[in-house]
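Heads up: the structure comes next, in structure tokens.
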Amino acid sequence: MRRITLTAASAALMLSVAGCSSASGAGSGGSAAGGTLTLAPVVEAQPWDLADAGLGNNTQYYQPVYDSLLRLSPSAEVKPNLATKWSYNADRTVLTLTLRTGVKFTDGTALDAAAVKTNLLHTKGGTNEAAGQLKGIKSVDAVDASTVAITLSAPDPSLLANLGNVAGMIASPKAITSGALKSGPVGSGPYTLDKSATVAGSTYTFVRNPSYWNKSAFPFDKIVLKPMTDPTATLNALRSGQLSGALLTSAKNIAPAQSSGLRITKYTSGDVEGVYIWDREGKQVKALGDVRVRQALNYAFDRSAIVKTAKQGMGQSTTQVFNPAGPAFDSSLDSKYTYDPAKAKKLLAQAGYPNGFSVTMPDFSTFFPDQQAAMTQQLEDIGIKVKIDKIPTSQVLTALLSGKYPISYMTLASFRPWDTIRLEVAADALWNPLHTSDPKVTALIAKAQKATGSTQDALFKEINTYLVDQAWNAPWDSVQNAYATNKNVTFTPQTYAAVPPIYNFKPAG
């Protein structure tokens, strides 16, 4: 199954099929300069072909072996990497990159403009998240060996930043054309995959690439990734020293981790959790096509109580799907829908549903029993009867994307405003499965795409305000993550990232 928008650890858990109930190894969690960094992603590795690459929690697998055109600082500022300089033309539809010279892939192939062209067009042709971030590319030209010109069909406000992530990672063009990526990665990154010490689905071992151009940026000689989905197993592996760091997917494990001497770093991941209304036009459930009904859903939820109880305080209640670190976010909108079941019932009655109605949702109880219980109870309190469809968790995301359900609990990634728009707001967005199209939203998106600076920020806020007023969704909270590390390593959280990139880790000392 392809990985779909699993930047949130919670959503990632649904697709992970390898429980990995215990972590094996020889205490590799104790790291010093030149030692081993052992992390536990909450998802299994995806295919090494970047056309099939997802984002979020998947990025830690790609970062050791593939270098990206640009690099993002911890505050998400775009910095040079494989591309040393860049510039746009006047209307921001042609991006010209100057490439670093002398870089080679581990198969000996030179990294040049032709290699970059092959990669960008190849990744764009995929169907996963990285491919989606390159959707606006019209053509790529190798101007000369060290110069690439990327022509866009329209301005893309997030392109530069996305070239600093998986979408901008570069594999050997020889490996792309030969199909060699099916058996393993071939990149120019700081590490190479040690197949002799790798067991698919269990342990991925990366050792230094001796010819990497920027070795000082990566202080560890070895990186080991052990996918783990069981929160208790992850905590035990951290306590025993088998892991250097891992995301704590259960807030209940934070206190035990701290009492064991582990360092807990809390940060806003950007993911937004709550009830997502897919059927905003009432194609499946007529009631949802009425804005008063959607607003009633928003008044039904006690967001603060959900964060306090179901989330153990790990989140900030919100009515918005936009990341609080971005310019679209407006704190005043978070007071739009206070918890008011009586008002919710009144709106339902005004819309013609005094006795409520019924909806069918997929089952999320395996990983989120508290969230599902809160959602079900608070909806039923205003007369909306919830039928839980107990399909296998491995089928939930595919079913949602096929438009099977009119509404559901969900956690979706929210990066920069334009990313969020392209991910879930635009009529053709991946997470707009029933293709809701609103003329006002379409017009605002077109204006924002072509605008810059404060004018663009104002348009992003206008889009956000309209979505909240129209109750496109019923968000609960902006998710806060807790990442645990042992005493030997430290890291810097990354803005717009669910988990820290490997280059943000360093030995403590």
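The values are calculated or read from the model by the stated rules, or taken from the named source; none is laboratory data. It should be emphasised that the depicted structure is a prediction, and the values quoted were computed from it without experimental measurement. Please note: Cβ atoms are built from the backbone with ideal geometry, for glycine as well, and neighbour counts cover all protein chains shown.
If you check Leu288 against the conditions, is it surrounded by 20 or more Cβ atoms within 10 Å (Cβ to Cβ), aliphatic (A, V, I, L, M) and farther than 20 Å from Asp381 by Cα?
no
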Every pair of residues 6+ apart whose Cβ atoms lie under 7 Å, when the first sits in the range 25-51 and is on the phi < 0 side of the Ramachandran plot and in the same structural domain as Ala175 (by TED's automatic domain parsing) while the second is modelled with pLDDT of 95 or more and part of a loop (DSSP other than H, G, I, E, B): none
Test: Met1 is modelled with pLDDT under 95 and either touching a His at 6+ places or on another chain (Cβ under 6 Å) or farther than 30 Å from Arg239 by Cα (or both): yes
Expected single match for touching an Asp or Glu at 6+ places or on another chain (Cβ under 6 Å) and small (Gly, Ala, Ser) among Ala351, Ala399, Ala342, Ala373 is Ala351
Output the strands (runs of 3 or more DSSP E) that fall wholly within the range 52-153 and possess 2 or more residues being of a type outside the set (S, T, N, Q), under 20 Å from Gln449 (Cβ atoms) and in contact (Cβ under 8 Å) with a residue 12 or more places away in the chain, or say none. 94-99, 137-144, 147-152
Taking the range 370-385, which residues are over 24 Å from the mean Cα position of the chain (by Cα) and either of a type in the set (Gly, Ala, Ser) or surrounded by fewer than 16 Cβ atoms within 10 Å (Cβ to Cβ) (or both)? Ala373, Ala374, Gln377, Glu380, Asp381, Gly383, Lys385
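Among the residues of the range 30-38, are any among the hydroxyl-bearing types (Ser, Thr, Tyr), outside any loop (DSSP other than H, G, I, E, B) and either at pLDDT 95 or above or over 20 Å from Lys506 (Cα atoms) (or both)?
yes
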Filtering strands (runs of 3 or more DSSP E) wholly in the range 221-291 for at least 2 residues that are modelled with pLDDT under 95 and out of contact with any Pro (no Cβ under 6 Å at 6 or more places or on another chain) gives 263-277
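If a residue must be under 24 Å from the mean Cα position of the chain (by Cα) and of a type outside the set (Ser, Thr, Tyr), how many such residues does the range 117-146 contain?
Going through the range 117-146 one residue at a time, the tally reaches 17.
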Output the qualifying pairs, or none if there are none: Cβ atoms under 9 angstrom, residues six or more apart or on different chains, first residue in the range 361-375 and within 16 Å of Tyr405 (Cα to Cα), second residue among the acidic types (Asp, Glu). Met361/Asp389; Pro362/Asp389; Asp363/Asp389; Gln372/Asp363
Over the range 208-227, the set of residues aliphatic (A, V, I, L, M) and buried (at least 17 other Cβ atoms within 10 Å of the Cβ) is Ile223, Val224, Leu225
